[in-house]
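Enquirer: What follows is a single structure, and I will ask about it in a moment.
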Amino acid sequence: MLVLARDIGESIRIGDDIIIQVVTSSGGKLRLGITAPKDIPVHREEVYAAIKHGKESDHDNRTSN
């Protein structure tokens, strides 16, 4: 895992197409802005887990019938 320190307004870049910028910091929380191509899905971890779980459930339902 790469750990970086960034101030508000500063960014990190992943490859040529993904930019993550620190937008604000308040009460111990950061707000991040993410710029990525439309064909690259960007989700919070809990949303990704729910999507993945839903796809696994759909697959389980199809294979058990």
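Enquirer: Starting from segment 11-25, keep only residues that are free of Cβ contacts under 8 Å to residues at least 24 places away in the same chain, then list their pairs with residues that are among the basic types (Lys, Arg) whose Cβ atoms are within a distance under 7 Å, requiring at least 6 positions of separation or different chains.
Expert: 12/6; 19/13; 22/6; 23/31; 24/31
Enquirer: Looking at segment 1-54, what strands (runs of 3 or more DSSP E) fall wholly within it and have at least 3 residues that are open to solvent by 90 Å² or more (accessible area, probe 1.4 Å)?
Expert: In segment 1-54, the matching strands (runs of 3 or more DSSP E) lie at 29-35.
The values are calculated or read from the model by the stated rules, or taken from the named source; none is laboratory data. Because the structure is predicted, anything quoted here is derived from the model rather than measured. All Cβ positions, even for glycine, are placed from backbone atoms using ideal geometry, and neighbour counts span all protein chains on display. Keep in mind that these areas ignore ligands, DNA and RNA; they rest on the heavy atoms of the full protein, side chains included. Shrake-Rupley method; radii C 1.70, N 1.55, O 1.52, S 1.80 Å.
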